[in-house]
Amino acid sequence: MTASTLPAPPAPPGRAPGAAPPADRGAPAGSGWAARAVGAADHDAVLAFFTEPDFHFRTPWPDTRPEWELLALLDEDTRLLTLDGEPGLYAVEENGAAHACHVVLHLRLTAALPPAAWAAAYAEVIRALRWRREVIRLAVVVGSYDERGLAAARLAGFTEEGELPGLVVREARRGGQVFFSRIWEPAS
């Protein structure tokens, strides 16, 4: 699955279609990263992501969920993320009160991208998020059964906080959730 099957995003107001964002606000020149909101026109392509048995975006069972359940995972904060045409998804959720500056990041790329690309995706999403708002604590939760997700979180340099075991049954075995984080000093 590549981004070529996804509809082209509309150009933001004041920017020509295909033009790069301003240098101080977008991805660095040549990074290849792009992100936009997931729209109804993207649903068929996005649903195809979940046919990968380990596309664990907000679910431990991506390839066994019905369509309506997968679409329910795509809320208004879900973004389509692409690296040189290879797609993935991410979303940021408040963890506690909105003013607390604590968030949970859900990120999943397709199997076509190696863990190093995942680490770069985490870096780009975090950079953009911190440009828009203050973040004190960012959490990432990965299933203990998710080898690619664990490798990516470790490669991205998150602090591994521990595992809550036995939360999920997959393939007749119990698995847990591994908690990772990154913490920054408050601005004030």
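The values are calculated or read from the model by the stated rules, or taken from the named source; none is laboratory data. Quantities reported herein were computed from a predicted structural model and do not represent experimental measurements. Every residue, glycine as well, gets a Cβ built from its backbone with ideal geometry; the counts of neighbours run over all protein chains shown. Ligands, DNA and RNA are excluded from the accessible area calculation, which covers all protein heavy atoms including side chains. Shrake-Rupley method; radii C 1.70, N 1.55, O 1.52, S 1.80 Å.
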Student exercise, segment 19-178 dipole from Lys, Arg, Asp, Glu Cβ charges, in Debye to nearest 20: 400
Förster-model FRET efficiency, 25 Å R0, residue 131 and residue 44, C-beta, rounded to 0.05: 0.20
Convex hull (Cα only) mean projected area of segment 117-187, reported in nm² to one decimal: 5.2
List 126, 183, 136, ordered by accessible area with a 1.4 Å probe, largest first: 183, 136, 126
Unit charges at the beta carbon, dipole of segment 62-175: most positive-side option, 103, 169, 158: 158
Contour excess over end-to-end distance, with Cα ends at residue 72 and residue 54 and 0.36 nm allotted per residue: 4.7 nm
Burial ranking of peptide ranges 147-158, 33-44 (average Cβ count within 10 Å, highest at the top): 147-158, 33-44
Label point distance in nm, residue 167-residue 63, each placed 7 Å from Cα along Cα→Cβ: 2.3
Isotropic mean projected area of the C-alpha convex hull, segment 50-182 (nm²): 8.2
Simple spin-label estimate for residue 185 and residue 100 in nanometres, 7 Å along Cα-Cβ: 2.3
Gyration tensor (Cα) of segment 27-114, equivalent ellipsoid semi-axes in angstrom: 20, 19, 12
